[in-house]
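*Asks:* Mind looking over this structure? Questions follow.
The values are calculated or read from the model by the stated rules, or taken from the named source; none is laboratory data. What you are looking at is a predicted structure, and each value in this text was computed from that prediction instead of being measured. Note: ideal-geometry Cβ built from the backbone for every residue, glycine included; neighbour counts use all protein chains shown. Heads up: the accessible areas ignore ligands, DNA and RNA and are worked out on the full protein's heavy atoms, side chains in. Shrake-Rupley method; radii C 1.70, N 1.55, O 1.52, S 1.80 Å.
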Amino acid sequence: MGSLLPSASSVRQAAPLVLLSLGLTLALGLGLPAVLRQLPLLFGQEETSASGGVVLLYGALVLLCVVRPPLPRGSLPVAGKHVLITGCDSGFGLALAKHLHAIGFTVFAGCLLKDKNGDGATELENFSSDRMKVMQLDVCSEEQVAQAVEFVTENLEEPEKGLWGVVNNAGITTFGEVEFMSLKKYKEVTEVNLWGTVRVTKAFLPLIRRAKGRVVNMASMLGRMGSPSRSCYCISKYGVQAFSDCLRQEMYRWGVKVIVVEPGNFIAATGILTREGVEARAEEMWREASERVREDYGKSYFSRRTILMKSFVNSGIKDMSLVINDLTDALISKMPYTRYCPSDTYWWIRTQVMSHLPAAIADRIYIY
C-alpha cells in the first residue's frame, strides 16, 4: 500500500499555490468551501486521491490557524513590574507608556527630547506619578544609555529582582531609491533602528535576565519583505529581525522571552511621515544625486515617485490600539507569541505572499 503523504516534489510545487489560494480567498472573502474547491486543482493526475486529500487537509489546517480566534494564554500580574520603553516622545512609544501606566506598570519612559522640553516628555512628566519616570535617552549615545541603566537601577523597588521588560521602540524612517540614497543616510537610519536596539538591549540584559523578563523589539512588515524606495528602512528592520532571532535562542536558558512586533501600515496613526518631510527629503536627494543619475532617471520619473510617497502620508490604519494591544500582550501574557503582526488584511496578505512565494511570482503580483 502506497504512502498517504504526497511526494516531496509535489508539496514543493504546490505549497506556493496553496498559500496564494488561501490568501486570495481570504482577501475576497470566499470562505472555506472555496478553498477546498481550489486545492485539488493544484495537483497533477499522477497524484493519488489520498495524497490530494492529505494536502487538502493541510490547507484547511493552515486556513484554520489564520481565521481561528486566539486561544486563551493567561496573563501575569503587573503589580510591581517595571518596563523601559524607548522613543516615548510620540507615536507608539508615547501611547504605550500611557497605557502601561494605566494598567499598573511602573514605566521608565525614554525620550529623545526630554532635555529640550519636548511635548511627549512634558505630557508624561505631567502625570506626576511615582510609576511614570521620564528620562533623557538617545539610543545612539553610549553615554546616555549608560546613564539610563544607572537611573533605572537606582529607581527599581527591588534591584536584585531586575527589570521586567525592555521595549525597543525608538525608530526613524526615510525613503529613496538606492541610487538616490547616500551612504550617510543608510548609516543614520540603521544607527537608530538597528544599533540603537542592540545597544539598549545589551545594556539592560543583565537586569532583564535577573527578572526572567521580556525583550520586545519593534520591527516592521518591511523587516519581512522588500519594497521599492524603502531599502534604507528595510535593511534596519531586517537587522532587528535577525538580532531578535539570535537573541531569542540565546536567552532560552535564562528564561527570558524575546518577542518581535511587526506593524503593518500605521503611517497615518504615528505621523512618522509628513508631506513637508517628504518634500524636503526629495529636494535633498535630487540635489545630492550625481549628474549621471539625474539624467538617467529624469526629473519626471523622480517627481512621480515623490508624489507617490506623499500619497502614503495619510494612508494605513489610524488607530494605534492594534499595536498597543500586541505590545501589552507581549509583556503580560504567560505564553506570548514569538511574533505579532498587527496589520490590516491587505498588508497581512501582502507580507505573507512576499515572504513565502517564489520571488518571481511575488514580484509579479505586487511590484511590476
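*Asks:* When 1/r is averaged over all different Cα pairs and the result inverted, which Kirkwood radius in Å belongs to the stretch 126-273?
*Replies:* Computed over Cα pairs of the stretch 126-273, the Kirkwood hydrodynamic radius comes out at 16.5 Å.
*Asks:* Can you order the peptides 110-118, 236-244 by their average number of other Cβ atoms within 10 Å per residue, highest first?
*Replies:* Descending mean neighbour count gives 236-244, 110-118.
*Asks:* Further, regarding this structure: Between residue 128 and residue 279, 0.36 nm times their residue separation minus their Cα-Cα distance comes to what?
*Replies:* Stretched out fully, the residue 128 to residue 279 stretch lengthens by 50.5 nm.
*Asks:* Which entries of 237/310; 212/237; 98/257; 81/187 have Cα-Cα distances beyond 30 Å here?
*Replies:* Pairs exceeding the cut-off: 81/187.
*Asks:* While we're on this one: Within the stretch 137-181, list the GluC sites (Glu not before Pro) lying in a DSSP loop whose Cβ has at most 15 other Cβ atoms in a 10 Å radius.
*Replies:* Of the GluC sites (Glu not before Pro), the ones in loops of the stretch 137-181 whose Cβ has at most 15 other Cβ atoms within 10 Å are 157.
*Asks:* Name the residue farthest towards the positive end of the dipole of the stretch 171-314 from the options 218, 286, 303, assuming +1 on Cβ of Lys and Arg, -1 on Cβ of Asp and Glu, about the Cα centre.
*Replies:* Sorting the options by dipole projection puts first 218.
*Asks:* Going by average Cβ neighbours within 10 Å, how do the peptides 214-227, 348-361 rank, with the highest at the top?
*Replies:* My ranking of the peptides, most packed first, is 214-227, 348-361.
*Asks:* Oh, and also: In Å and from the alpha-carbon atoms only, list the Rg and Dmax of the stretch 251-365.
*Replies:* Answer for the stretch 251-365, Rg first and Dmax second: 19.2, 57 Å.
*Asks:* Continuing with the same structure: With a 1.4 Å probe and every protein chain left in place, work out the accessible area per residue of the stretch 231-288 in Å², rounded to a whole number.
*Replies:* Per-residue accessible area for the stretch 231-288 comes out at 46 Å².
*Asks:* Just want to confirm a number: the relative contact order over the stretch 236-367, from Cα pairs under 8 angstrom separated by 6+ residues, in percent.
*Replies:* Once normalised by length, the contact order is 35 percent.
*Asks:* Provide the FRET efficiency to the nearest 0.05 for the residue 117-residue 253 pair, computing r from the beta carbons and using R0 = 51 Å.
*Replies:* According to the calculation, E is roughly 0.70.
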